[in-house]
Every structure is written in structure tokens, then in C-alpha cells.
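Visitor: Questions regarding the structure given below will be posed in turn.
The values are calculated or read from the model by the stated rules, or taken from the named source; none is laboratory data. Here the structure is a predicted model, which means the values were calculated and not measured. Don't worry about glycine lacking a Cβ; one is built from the backbone with ideal geometry, like all the others, and counts go over all protein chains shown. These area figures cover heavy atoms from the full protein model, side chains too; ligands, DNA and RNA do not enter into them. Shrake-Rupley method; radii C 1.70, N 1.55, O 1.52, S 1.80 Å.
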Amino acid sequence: MERSFREEVGKLRLGDGEVFHGEGILAVTKALLQSGVAYVGGYQGAPVSHVMDVLNDARDILDELGVHVETNASEAGAAAMLGASINYPLRGAVAFKSTVGTNVASDALSNLASAGVKGGALIVLGEDYGEGSSIIQERSHAFAMKSQIWLLDPRPNLPKIVEMVERGFELSEASSTPVMLELRIRACHVHGSFVTRANRRPAHSKNDRLSEPDFDYGRICLPPATYAQEKHKIEVRWPAAVAFIREHRLNETFDGDLGHVGILCQGGLYNATVRALQLLGLADAFGASRVPIYCMNVTYPLVPDELVAFCAGKQAVLMIEEGQPAYIEDALLATLRRHDANAVRAHGKDLLPLAGEYTGEVVLNGVAAFLESAGIGTSGAVGQLLSAKKRAAELLGGAVPARPPGFCVGCPERPVFAAMRIAGRELGAFHVSADIGCHTFATLPPFNLGNTVLGYGLGLASNSAMQPMFGRRTVTVMGDGGFWHNGLTSGIANAVFNKDDGILVIMKNGYSSATGAQELPSSPQHSEPKADVAIERALEGIGVGWMRTVDNYRVGAVAQTLKEAMTTDYQGLKVIVAEGECQLERQRRLRPQVAERLAKGQRNVRVRYGVDEDTCSGDHSCIRLSGCPTLTVKDNPDPLRSDPVATVIDGCVGCGLCGENAHAATLCPSFYRAEVIQNPRAWDRLVAGMGRSVRRLLS
């Protein structure tokens, strides 16, 4: 996995009055145990992938408490798991990535919200929005409003995050409604401390089981029960939630002496807001602000009387709300209008960007503009900061060349796309329907392969209308993570049933690699090709009649298999299983083994590749076909030649792609393969000595 918590999970045993020091995700897990959670599930996705990693590393602690943990097949499966809380007083939590995860889980979440819950139900969402995001730019807020699921957005502070996890369960039970807790990436990885409480053993769990089933027709999502559920949401649950939020002061007000102005912000943006005020000289290093701040740790539902009370007596307020639409700002304006609080000027998107992440610099500029408009001078602080940044940029020199993200060194997926490029020279260009996963990097240079990306495991489904429109067969790329998540049913079963004639390439790297290398049913430690849970067996069982398994790193063989699939007379879905273990996981597995052999003085052989400088033609076709970060250029050692030559730097893991490409694409024969022998034996020394002698004679 990307991040191991094996050493830190012991902190989950801390009891009353002890102090926890650590990372946000581990703190969330501790808060779940302190809340008496009975079951936890989830599906990996940044920035909350580590929730499942922590839970899997802490199995022994959870077993002692009777907490059931399940790694779900998809976000939909995780959300459906919360159905245990509908009829029974069981506290349950699931975690997945938002908003794409929420979209996948929408059917289950809608029904869960309609039926309502008896036990607390908490959905921990990784709010992946903004500059560092890898997904569509949307927010969870719309889904919360649509289904009346309450949305918590705690300020990035461990005590507050832990409190909101615990209060989230209480809010859920007080209003019979599931609750979402969104955590931005900075909140997930923020470090800090808090005073712990003892873990609570759930009243009912896998160690203390339920005795009798409970049936209530009013909780089944079928008419006429759904009509009553809708009314109950608005007339009973919503007021109960607002009353709980108000009574327990989940939202926070920070007073300041500049009482004629104020700032309202989402909890997740509190740190950025205070930092902006610090830079403007209006807050100290401990967060004490001269400008009053209303921090919304609950962004849905809003508490109208709290909003009106905060704005009372103020000339102007600024609403800092990240993203579009401006749900909270619009609600604030409507609330002030309804309560005849029209004396205060409410600012928001007029001074801050309409869309995009509210980074520190963005918030700083917006807060400064607001204060200037309110007649509060900032002594040119923003100008001074920008001038300092400009001067720093000048001292650092020119900008670093743009470098698009790409595959890891030795990634088994890179050679497949090199093979596609080679096959395309003979077959002509073909449409490629891409999918979510590491292989999406192939849409970027140097491959530029992948015309559409529609969703995780949906590559083949998105290709269903494209295949009949082309004169040649089209190609779909899907990872093994996407295969198990959604692709087997939505794509492959559909294609077989409809007798689609396309080509599917499944990247079988053994893990859900793009989210941190979580295990799959077909991971190497769980499955062999003939095992019950294997991709090949699943394909056979669903009726795929044309299937080939190829070694990713054999570029020529992959290209030949693609040509065969393109030209075969077979009508129907053709599947190429491109098999090669994720290189990161392979290295993590091999390094301890190598270290152990070396420590014992045993012989170890490491493969490296290089470029013969005298043979290199300098046209760099190998680099354009590979894109490997360790294959780069250096100055030509020949004084009569000015073109730089290719070279392989130390990061090489010996995958052999550069040589395979040179052979398959008929490039210059400048690549060589070398074996680095550590702890050599007498025979190794003898062979090496003879080789040196022969080279001296030939030279």
C-alpha cells in the first residue's frame, strides 16, 4: 500500500485522558472507535484511501472490540452497507472519494436518506477539489442538499475533526438522518494532538450479536411509505438537525474588536482565512483575529438564526465559499432578506473567484479586497507580499519546464501504450476509450492515446456507441481495479450480450494502483489464473470467446496481439489481458528480500540498461516512444557531433522497455543490457576478467 500505519495503529488503544499525536486520518479512525462504531466499510480513493489502510492494519484492535471491517467492491457497495443502521441501533461508517464516489453510491445513499436511520450512519468523504485534484471539479454540497443528508466540514484541527466525527453520529441519531463528513486533503494529512477517550465497545457487534430481526414497512422505500418519508425529512428530521446543531454549538464564532465587519467561511477554509488575516496584520500566530469569524463546521443544513445573529450590527460581511454554485452565499443572502437584515452588505463571489480552489493566495487577495472596501487599510501588505514573491522568482531564475504527470519508472502499462503506437503505424490511427486509473496518463505526451474518459470501469460502456461508427475496430483500456469495480457488469457483460466487436485491453497490474496500491480479488497473493477469483475465469464465465494473455513488457508481442485482434475474423468482444505487476509494489516486495540476501553475503544480480554513446544516432525516437523518466539526454562526448545522446540514469529498475522498444520499432541498436552482481563468486570474477581481456584485445 502507499502508506503503512502498522507502527502507528497502537495509538488507537489510547484511553481516557491520554494524548494522541499524529495524522488526520489516524485521528478519524480513533474517533470512530471512541464513538462505538459497530461496522466500517469503504472504497479506496484519495484523500481518504488511508482510512481503509489504517483499518486493515488495526484488525486485531477492531476484532477485540467486535467491529466488523469490510473493503467494499465499490462506493455503491459501501453506501449500501449502511443499511444495517436503518432498522437497528448500530453505528456504521463508510469512507470513499467524493464527488465521483458519491455519484457511484447515489442510488444507495438516496434510499438510505429516504428511509432514515435508527443507528448513527456517517459517510467520510475525501473532498478532492481544486489544484491538486485528479477528478472533475464538483462538490459534495449538491448531493447533500438533494437528498437531505447533513454535511459536516470541520476546520482542519485534530480536536475539532475528532469532535465532529463523534457529534456526527449523535446528529445522525438525533435526526434519524445519515451524515456526511467531508475532509479536504490538507485535513486528512494535518498533524496535531488531542486528548483521547477510551474506545467504546458497541452494544451490538459481531461479538455481541442481535437476537431478533426488526421489520418496519415505513422504512421500505416504496410508495406510499416514500411519501411519508419525504414529509418526515422536511417536517421532523430537518428541524431536529438544526436544533441539535444550535444546541451543541457545532458551528463556531470567533469574536474580534473590528465588530462592524465579519467573515463567514466553510470550516475547511478556516485555516486559510486566519492565515490571510495573519499576513494582513489582523490576526496573531495563535489564530486570534481582530475580524469576527463565523466558522461553519456544518455547511448543510444552515442555522438561519445564527447567520442573522452574526451579521447583526455589521456594515459588511464576506462569505468565503469554495467552488460553484455558490450554495451557501445564495442561502445567506436569502436568509438576510427573509429576516429584514438588509443593512449589512454581503460579499462573496464578487471579491473572490467564481470557481477554482481557494488557495492561500486567493483567500489573501479576496480578504484584502473586502477589508479595503470596508475602509480597513492593510498598509499595502498584499502589495508587499506580491513584490517579495516577484523578487524571489527573479532570484530563482527562469521557470522550470512544464512536465506533465506520467507513469512511474518501470510501470508495466507504459510498454502497452508503446505497442499501441507501434501497431498504429501499420494499422492506422484507431479510437481509444480510456478509463479511470494509472493508464489515464497515456492521454498525455508522449502517447496521447485515449479519446474519452467517462468513469471508473466505464471505458468499455463508453465505447459501445463508438465501435459501430468506425470502419475499423476501436480499443478500450481498463484496469483490473476498474474491472472489479464496475467494468465486468457495466462494460463486459453488456458488450458480450450486445455482440459488440471491439477490443478491450485489461491492465492486470495486480492492485488498485492509482489509489495507493490496495489489494483486489485478483491480486497476486490471492489469485492465480486458474483460481476461482481470477480475471480470466470471470471473462470465460461471462462468455468472452476471444481472449489472449500477454506479458506487458514484451512490446513486440503486445503489438502483434493488437494486430491480431484488429484483423481477426472473429466477431464479438476481443479481450487482451496485459499482465505485469505494478512496479512500485514489485520493488516494495523485492527490496527487503534483496537486503536480506546482501546482509547474509549471498549473491545478488541486478539488471541495468544503458546506451552505447558511439552507436546512438541522436534522433531520440526511443525517448518519444517510451517517456520513461530514466531515459533522458546528455551532452554528446564526441566533439564532432553536437546533438545530445540518449542516456539511462540511475533510477532505472531494469524493466527492459527501452531495449524492447528499440527492437519492436526497429530503432538504432544502441541499447545494452548489463548485470550488476553483488557479492560475486569466484566464477563471476573469472567470467568478468575474461570479458575484460577480450574487450582489451578487440579495442
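Visitor: Can you go through Ala418, Ala461 and tell me which one is crowded, with 18+ Cβ neighbours inside 10 Å and under 26 Å from Thr630 (Cβ atoms)?
Guide: When all the criteria are applied, what remains is Ala418.
Visitor: Let me ask something else about it. Pairs needed: first member in the stretch 613-630, in contact (Cβ under 8 Å) with a residue 12 or more places away in the chain and on the phi > 0 side of the Ramachandran plot; second member anywhere, basic (Lys, Arg) and open to solvent by less than 20 Å² (accessible area, probe 1.4 Å); C-beta distance under 8 Å; at least 6 residues apart or different chains.
Guide: The qualifying pairs are Gly627/Arg414.
Visitor: Take Arg237 and tell me if it is within 30 Å of Thr29 (Cβ to Cβ), open to solvent by 80 Å² or more (accessible area, probe 1.4 Å) and either in a helix (DSSP H, G or I) or not hydrophobic (A, V, I, L, M, F, W, C) (or both).
Guide: When the stated conditions are applied, Arg237 does not pass them.
To keep it simple, each residue is scored yes or no on (1) over 30 Å from Gly487 (Cβ atoms); (2) polar (S, T, N, Q); (3) touching an Asp or Glu at 6+ places or on another chain (Cβ under 7 Å); (4) touching a residue at least 60 places away in the same chain (Cβ under 8 Å).
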site: Gly36; (1), (2), (3), (4): yes, no, no, yes
site: Val40; (1), (2), (3), (4): no, no, no, no
site: Gln44; (1), (2), (3), (4): no, yes, no, yes
site: Val54; (1), (2), (3), (4): no, no, no, no
site: Asp63; (1), (2), (3), (4): yes, no, no, no
site: Ala73; (1), (2), (3), (4): no, no, no, yes
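Visitor: Can you list the strands (runs of 3 or more DSSP E) found entirely within the stretch 79-161 that contain at least 2 residues being farther than 24 Å from His248 by Cα and either out of contact with any Pro (no Cβ under 9 Å at 6 or more places or on another chain) or modelled with pLDDT of 95 or more (or both)?
Guide: It comes to 92-98.
Visitor: Something else about it: Of all residues in the stretch 25-57 being of a type in the set (Ser, Thr, Tyr) and assigned to a helix (DSSP H, G or I), which is surrounded by the fewest Cβ atoms within 10 Å (Cβ to Cβ)?
Guide: Ser49
Visitor: Looking at the stretch 370-412 only, could you name the residues that are open to solvent by 70 Å² or more (accessible area, probe 1.4 Å) and hydrophobic (A, V, I, L, M, F, W, C)?
Guide: Selection gives Leu386, Leu395, Leu396, Ala399, Val400, Ala402.
Visitor: Let me ask something else. Outside any helix (DSSP H, G or I), open to solvent by 60 Å² or more (accessible area, probe 1.4 Å) and either charged (D, E, K, R) or within 24 Å of Leu385 (Cβ to Cβ) (or both) - does that describe any residue in the stretch 270-282?
Guide: no
Visitor: Among the residues of the stretch 206-213, are any within 34 Å of the chain's Cα centre (by Cα) and either closer than 30 Å to Gly15 by Cβ or surrounded by fewer than 16 Cβ atoms within 10 Å (Cβ to Cβ) (or both)?
Guide: Yes, because at least one residue in the stretch 206-213 is within 34 Å of the chain's Cα centre (by Cα) and either closer than 30 Å to Gly15 by Cβ or surrounded by fewer than 16 Cβ atoms within 10 Å (Cβ to Cβ) (or both).
Visitor: A follow-up question, please. Specify which of the listed residues (Pro629, Pro639) is part of a loop (DSSP other than H, G, I, E, B) and over 33 Å from the mean Cα position of the chain (by Cα).
Guide: Pro639
Visitor: Filter the stretch 433-489 for residues that are among the hydroxyl-bearing types (Ser, Thr, Tyr) and not in a loop (DSSP other than H, G, I, E, B); which is farthest from Cys622 (Cα to Cα)?
Guide: So the residue we want is Thr489.
Visitor: For the stretch 379-408, how many residues are assigned to a loop (DSSP other than H, G, I, E, B) and over 30 Å from His439 (Cβ atoms)?
Guide: The number of residues fulfilling the criteria is 4.
Visitor: Further question: Can you confirm whether the stretch 215-225 contains a residue that is acidic (Asp, Glu) and surrounded by fewer than 16 Cβ atoms within 10 Å (Cβ to Cβ)?
Guide: There is at least one residue in the stretch 215-225 that is acidic (Asp, Glu) and surrounded by fewer than 16 Cβ atoms within 10 Å (Cβ to Cβ).
Visitor: In addition: From Gly66, Gly83, Gly92, which residue is surrounded by fewer than 24 Cβ atoms within 10 Å (Cβ to Cβ) and under 14 Å from Ser205 (Cα atoms)?
Guide: Every option except Gly66 fails the conditions.
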